[in-house]
Amino acid sequence: MPPWRFLVFGTLFGFVLSRARATDYDTIAGMFRLTDLHLMFVIGLGIGTAALGFWLLRRTGNRTLSGQPIALGTKRWHRGAIGGGLLFGAGWALSGACPGTSLAQFGEGKLVALFTIAGILAGTYAYGLVRSKLGTPAPTIRVRPAV
Amino acid sequence: MYDAIFVTAWPWWVAGPALGLVVFLTAWLGGKGLGVSTAYGSVCALTSRVPFFAAKEYREAWRLWFVLGLPIGGAVAFLLGGRFAPGWAYGGLDGLVAGSLPAKAGLLFVGGALVGAGARWAGGCPSGHSIVGIAQGSIASLVATAGFMLGGVVVFNLLVAVLGG
């Protein structure tokens, strides 16, 4: 599939994030205050639906509709999942956004998302710079056709 | 029908399966497990020679096309829903910072930086880890997601305590 076609999937994903209220500051605040669990249920059912879909794909030989192999990219275990997860959560709480929702927010006309997006780029770059000085770790995504 | 799709809020039992369906379609039609945060590394790979970003996962063109669609999707949702009104407002945070734009800018930039560094350290974000990763049964994704939520709950309540919301 030519790479530009992923623009369609990205547009769909941004649309659904917006309609799911994942881009809404007050919904994120409610989730972290544990007063509005809407988004946790959304993520939970999203996982269930994706898991069912991946299971169906595995059963049918892990091929795309046009017969190409599917490379989902498995996340291998590493201790960074703990520290990185907590650090990410802290940033999510301060900004009310994550890498996907900040971009969708900008499209919605929430112009403050530009600060979040700039911050994410800066944080990504800084992490890469520090890790490069310390020695580049192994990539965390392992691509293999079947899971 | 139009109202149900574009105007009224989606209940969680509609939004959740819709989210999972887009993940499934990206795999079934596109052959990829989607993930947003890696694309920020792809931007770093395009604009710098930092060795960390030389890894293959940062050199895949589809990731940039995918994230380019995210603002389009957000714009479509708000335009068709009749809510498109660009501005600097940001929900309840405006009350927490007494409407100060510099305070919001600082908070969002610092928060974004933690999100960016945390995602690279954890190896993913709520899309790649929490949905695509957990749906494949990855332990790293489950642990990272517990971290996202725990870190978020603790720091958000600290923030509210400090700002007095």
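Just rank B:His129, A:His38, A:His78, fewest to most, by other beta-carbon atoms within 10 angstrom.
Working: B:His129 30, A:His38 20, A:His78 17.
Ordered by Cβ neighbours within 10 Å, fewest first: A:His78, A:His38, B:His129.
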Stick to Cα atoms and the Kirkwood definition of Rh, then tell me Rg/Rh for the protein assembly as shown. 0.95
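Mind checking B:1-12 for the average number of partner chain beta-carbons within 10 Å of each residue's beta-carbon?
Details: counts 0, 0, 0, 0, 2, 2, 1, 1, 6, 7, 4, 12.
The mean count of partner-chain Cβ atoms within 10 Å per residue comes to 3.
Hydropathy first: keep DSSP H helices in chain B averaging at least 0.5 on Kyte-Doolittle, then drop any whose Cα extent along the axis falls short of 18 Å, and list what survives.
Values: long enough: B:12-28 (23 Å, 1.55); B:61-80 (29 Å, 1.69); B:101-122 (30 Å, 1.10); B:139-163 (35 Å, 2.29).
Helices passing the filter in chain B: B:12-28, B:61-80, B:101-122, B:139-163.
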Taking only the C-alpha atoms, wrap a convex hull around chain A and report its volume per residue in Å³ as a whole number. 147 Å³
Contour minus end-to-end for A:Ala126 and A:Phe41, with contour as 0.36 nm per residue of separation and end-to-end as the Cα-Cα distance? 27.3 nm
On a straight-distance basis, which lysines could pair with A:Lys110 in a cross-link, Cα separation under 28 angstrom, same-chain partners fewer than 8 positions away excluded? B:Lys104
Compactness relative to 2.2 N^0.38 Å, alpha carbon Rg of the range B:28-165: 1.22
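I'd like to compare B:7-19, B:100-112: which one has the highest average count of other Cβ atoms within 10 Å, and what's the full order after that?
Details: B:7-19: 17.8, B:100-112: 19.4.
Top of the packing list down: B:100-112, B:7-19.
Rule-based calculations on the coordinates, nothing more; no lab input. In this text the structure is predicted, and so the values were computed from the model without any measurement. All Cβ positions, glycine included, derive from the backbone under ideal geometry; neighbour counts span all protein chains shown.
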